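Heads up, the thing below is written out as structure tokens.
The values are calculated or read from the model by the stated rules, or taken from the named source; none is laboratory data. Keep in mind that this is a model prediction, so the values were computed, not measured. All Cβ positions, glycine included, derive from the backbone under ideal geometry; neighbour counts span all protein chains shown.
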Amino acid sequence: MSQLATDVHIFLSSTFVDLKELREKIANRLRDVFGAHMLVMEKFGSDDAPPVTSSVRKVPECDIFVGIYARRYGSVDPSTGMSITELELREAERSLSAGTLTAILLYWLDESASWLRQRGRDTHQKLLIASDALDVDQILGLHAYFGGTLRPGAAPEDFHRASDFLDERKWIPEPRIRFSAGWGTFLTNDFRGCNLQGDDSFSPVSLVCKLHDVDGRPAVKLSDNYAKALGEAAEVKRYWRVFGTAGVANTPVLA
């Protein structure tokens, strides 16, 4: 990064409310030390277009896309059911494929492990399961991040095969928290619309097992999608009050 060209344009993407101070520090650092031109939503100025439109259409104007992610999903665009942050990333991926973007740099804040440690929990006894819209590369990158220590110069997106995890120059297996990933209903069957007879007999069967109760106390499942919450209605509402509903949206569930 020390060789960064002074005319480079960097788009900084993240949720705003929870990462406001960090966004400011990162933007100032890149601007003051490296002379980068920062594209940040705080400086977009007035625009008649909706926030999601203004933000996403700025992505192709940058050379480098930097994404910072923590616990919040972000404000949801009603027309797509996706957060503005996710839409920005998807636009960056399209721009990278089109050759108008030089690089995508993504960083995860390890709040999940620190949040547990602050409450006296042993993270090695906890299991973190990521799910929803994952592909193989994302699963491998998440395992590299949570399941070990990345060597200087290595990034989660550098891990594509078993040999990457055996390379001590890139990664050391020192898990901060036990990690697994759920690929969802389409893990073993994504033949929707492939039946030549035109019916839905190739559609995947959604068989899901969820924890019902623990020592007589009801368990619930929460999600960033209201439609995916499971459990007794009163208990679900209670946990929403505890953890908040920022970033939660009503999104159709694929089946």
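Tabulated results
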| item | result |
| --- | --- |
| So residue 175, is it over 20 Å from residue 67 (Cβ atoms) and either assigned by TED's automatic domain parsing to the domain that holds residue 127 or out of contact with any strand residue (DSSP E or B) (no Cβ under 9 Å at 6 or more places or on another chain) (or both) | yes |
| Set 73, 107: member being hydroxyl-bearing (Ser, Thr, Tyr), in a strand (DSSP E or B) and within 18 Å of the chain's Cα centre (by Cα) | 107 |
| Hey, residue 75 farther than 27 Å from residue 243 by Cα and surrounded by 14 or more Cβ atoms within 10 Å (Cβ to Cβ) or not | no |
| Where a residue in the range 39-59 is within 21 Å of residue 7 (Cβ to Cβ) and outside any strand (DSSP E or B) and its partner, wherever it lies, is among the aliphatic types (A, V, I, L, M) and modelled with pLDDT of 85 or more, with Cβ under 6 Å and at least six apart | 40/12; 40/27; 58/39; 59/92 |
| Criterion violated by residue 52 - all others in (1) modelled with pLDDT under 80; (2) out of contact with any Asp or Glu (no Cβ under 7 Å at 6 or more places or on another chain); (3) under 21 Å from residue 100 (Cβ atoms) satisfied | (2) |
| Test: residue 31 is outside the structural domain of residue 130 (by TED's automatic domain parsing) and either part of a helix (DSSP H, G or I) or modelled with pLDDT of 85 or more (or both) | yes |
